[in-house]
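The values are calculated or read from the model by the stated rules, or taken from the named source; none is laboratory data. None of these values were measured; they are calculated from a predicted model. Virtual Cβ from ideal backbone geometry, glycine too; neighbours counted across all protein chains shown.
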């Protein structure tokens, strides 16, 4: 495997694949434990990720398929999704993962492929979306090698296009297996798979290579500045939009508040002493882009992990090409299946599965994953809300997922995640409060869990109201939030919502808005007041 001849690599991989599959699990265990064969294969095969015949051979071992049935894949032949699916599907039998020890090799090949395709060290060529979906025609040679029989190197752009198409087919194959194979879904739920996939996706999204553990530990109590006072996240897939910037909160919190207060007239709302934030401390904020401020615009606080501020324009966190989008879709599909699948929901903590890196990059990346996971889960439930009533396990899993994301919001791992999560939880509670649904046996049997979900909704409501007050939010933002509170009043003031402490704190926030100096805010707050008056007696008013 240490040779520089690609023909030797192809035949050597096929020989090993046939040996592993035909000799069974006993030989595979010895191969893994005694000679550490799989780590050796991973290190030696990773640089040869662009050789087409390697992929069907390794994938065949994963599903326990003998390579004798594998048709010849010439190096210059494009890899097709249909061929891979037909390789592992034997008749009507569902594909089954037989040798999971091979997956680290597959992830190493994918990581080398993404690194080589999306980030060219020579000229920094980044693929456009149109290039990512093209089909490869010829095999690109290994960079820096001159083995016998290798094809001459073509231009960087065309080589990257062919490589991207190869990666696209492999990722789509994994997605297809996740959809059609229950065995693969069970295997994908293991922490090993998620860690390997996140190790591939993290450098792409954050454009930051992992650091050694010592550097990560030493950076916990320091400020990451890179000599500019800010951390710009130039994602390899966000080249069409302004890059998000992590900026020290100390440079914004005091100065921005003072600028905003001075810009307001004397008739504006008087300043009030603010309580210190209980959220997890952090020294950075996430803003949409580093654009010069408009002198005529009012200066406001940017959202922070450690201080309660209001975010007006969320930065673009979506990928811009299809191959990375497919990889993200695979990660979110695994996460959604952990909630809606047939297993009990475990703690979906992405932060513990990331490679060693700076905390600011970790926060940005976890926010990126949680936002996409929440969006996919919302779409899946919206298509068939009755899935919540089909199994008590599914309903409990959704409630645990919402509770976990709420904790991430308060801890600071889910930047600006309160509004979308609030809407998601409100939609579920509104559905469960429907008379026909509330009478169902599954809903009644999980009443204690639904009470927990109501407390989650209450916490998110108070979180946003407190954010508006502590950041001296603009009039439009305050009115927009109060309008949403008015929209969800059936959930907030439901007769089954027995959280007395929440009602008292909510009345305090409403009192503040009723005496606000801005007329429009007072009018909208007065529209919320009738709901409070109706439920006042129930809370010992």
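Results for (1) more than 30 Å from residue 344 (Cβ to Cβ); (2) buried (at least 16 other Cβ atoms within 10 Å of the Cβ); (3) at pLDDT below 85; (4) touching a strand residue (DSSP E or B) at 6+ places or on another chain (Cβ under 9 Å), shown as yes or no for each residue.
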{"residue": "122", "(1), (2), (3), (4)": "yes, no, yes, no"}
{"residue": "137", "(1), (2), (3), (4)": "yes, no, yes, no"}
{"residue": "155", "(1), (2), (3), (4)": "yes, no, yes, no"}
{"residue": "161", "(1), (2), (3), (4)": "yes, yes, yes, no"}
{"residue": "164", "(1), (2), (3), (4)": "yes, yes, yes, no"}
{"residue": "188", "(1), (2), (3), (4)": "no, yes, no, no"}
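In region 20-38, the condition of being surrounded by fewer than 17 Cβ atoms within 10 Å (Cβ to Cβ), touching a residue at least 24 places away in the same chain (Cβ under 8 Å), in the same structural domain as residue 182 (by TED's automatic domain parsing) and closer than 14 Å to residue 102 by Cβ is met by at least one residue.
Scan region 487-522 for residues that are assigned to a helix (DSSP H, G or I), over 13 Å from residue 462 (Cα atoms) and within 33 Å of the chain's Cα centre (by Cα) and the total you get is 4. Return yes when residue 422 is at pLDDT 95 or above and either part of a helix (DSSP H, G or I) or touching a helix residue (DSSP H, G or I) at 6+ places or on another chain (Cβ under 8 Å) (or both) and no when it is not. In short, yes.
Considered as a group, the residues in region 469-483 that are touching a residue at least 60 places away in the same chain (Cβ under 8 Å) and in a helix (DSSP H, G or I) include one that is surrounded by the most Cβ atoms within 10 Å (Cβ to Cβ), and that residue is 469.
Against the numbered list (1) at pLDDT below 90; (2) out of contact with any helix residue (DSSP H, G or I) (no Cβ under 8 Å at 6 or more places or on another chain), residue 357 comes up short only at (2).
Restricting attention to region 82-95, the residues being farther than 11 Å from residue 63 by Cβ and loosely packed, with under 15 Cβ neighbours inside 10 Å number 4.
Could you say whether any residue in region 320-334 is free of Cβ contacts under 8 Å to residues at least 12 places away in the same chain and assigned to a loop (DSSP other than H, G, I, E, B)? Scanning region 320-334, I find no residue that is free of Cβ contacts under 8 Å to residues at least 12 places away in the same chain and assigned to a loop (DSSP other than H, G, I, E, B), so the answer is no.
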